[in-house]
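Readers should treat all values here as calculations from the given coordinates under stated rules, not as data from a laboratory. Everything quoted here is computed from the prediction, not taken from an experiment. Here the Cβ positions follow ideal geometry from the backbone for every residue, glycine too, while neighbour counts run over all protein chains shown.
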Amino acid sequence: MKVSLIIINLMFSFTLYAQKWEALSQEQQHTLNQFKSEWPELPQAQKQQLIAGADHWHQLDNKQKKIALMRLNRWKAMSPAERKNIRQRYQRFKNLNPRQKARLWRLHQRFKKLSPEQRQKLRKRFENLTPQQKKRLRKRAEKRNKANG
């Protein structure tokens, strides 16, 4: 048992920490082909991320791949400012404590269950608030989050 775990670990480590392009599997090379010319100059951490991403990609079924490609195309269509905003929001979410994340997730799920008309109505209601009203609403939410987290 111990020997098999060591072998699996070594196999995983070899792929994950492969320094040379030739050390990648054919599947990985095919997926990462656009990086072939710059592979030797890429930082090790970036190589590891790319390899992990390629491996994850190969585990997806066709439906999941289609969804991922749609999301990627939406991402590419965004302006740099929009991408920056999303990265910042994601970072804020990551910094929340588990209880706050769970609460936010539940609220998101409730929002998704609303009909498109109800969601639009709620968005419109928020958009029509004055900056002061939005600020008060955010402060109340922050206060509630601190009390709950």
- Note on the structure: Rounded to one decimal in nm, the spacing of the 7 Å Cα→Cβ label points at Asn33 and Leu72 is 1.3
- What is the spin-label model distance, in nm, from Lys134 to Lys94 if the labels are put 7 Å beyond Cα along the C-beta direction? 2.6
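Residue separation times 0.36 nm, minus the C-alpha to C-alpha distance between Trp105 and Lys143: what's the value?
Result for the pair: 11.9 nm of gain on full extension.
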- Query: In debye, nearest 20: dipole of the chain around its Cα centre with unit charges on the Cβ of K, R (+) and D, E (-)?
  - Reply: 2020
- In degrees between 0 and 90, to the nearest 10, how far off the longest principal axis of the chain does helix 2-16 point, with axes built from Cα atoms? 80
- For region 63-90 and region 111-126, write down the distance between their C-alpha centroids in whole Å. 22
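As a test of the formula, what do you get for the chain when each DSSP H run with n ≥ 4 contributes -39,500 (n - 2.57) and the sum is divided by the residue count, at 222 nm and rounded to the nearest 500 deg cm²/dmol? Display every interim value, and only then the final one.
Working: 8 runs with 115 residues, N = 149.
That comes out to -25000 deg cm²/dmol.
Working from the pairwise distances between different alpha carbons, so that the mean of 1/r is found and then inverted, what is region 57-149's Kirkwood radius in Å? Before the final figure, lay out each step's value.
Values: mean 1/r = 0.0615 Å⁻¹.
Hydrodynamic radius (Kirkwood, Cα only) of region 57-149 equals 16.3 Å.
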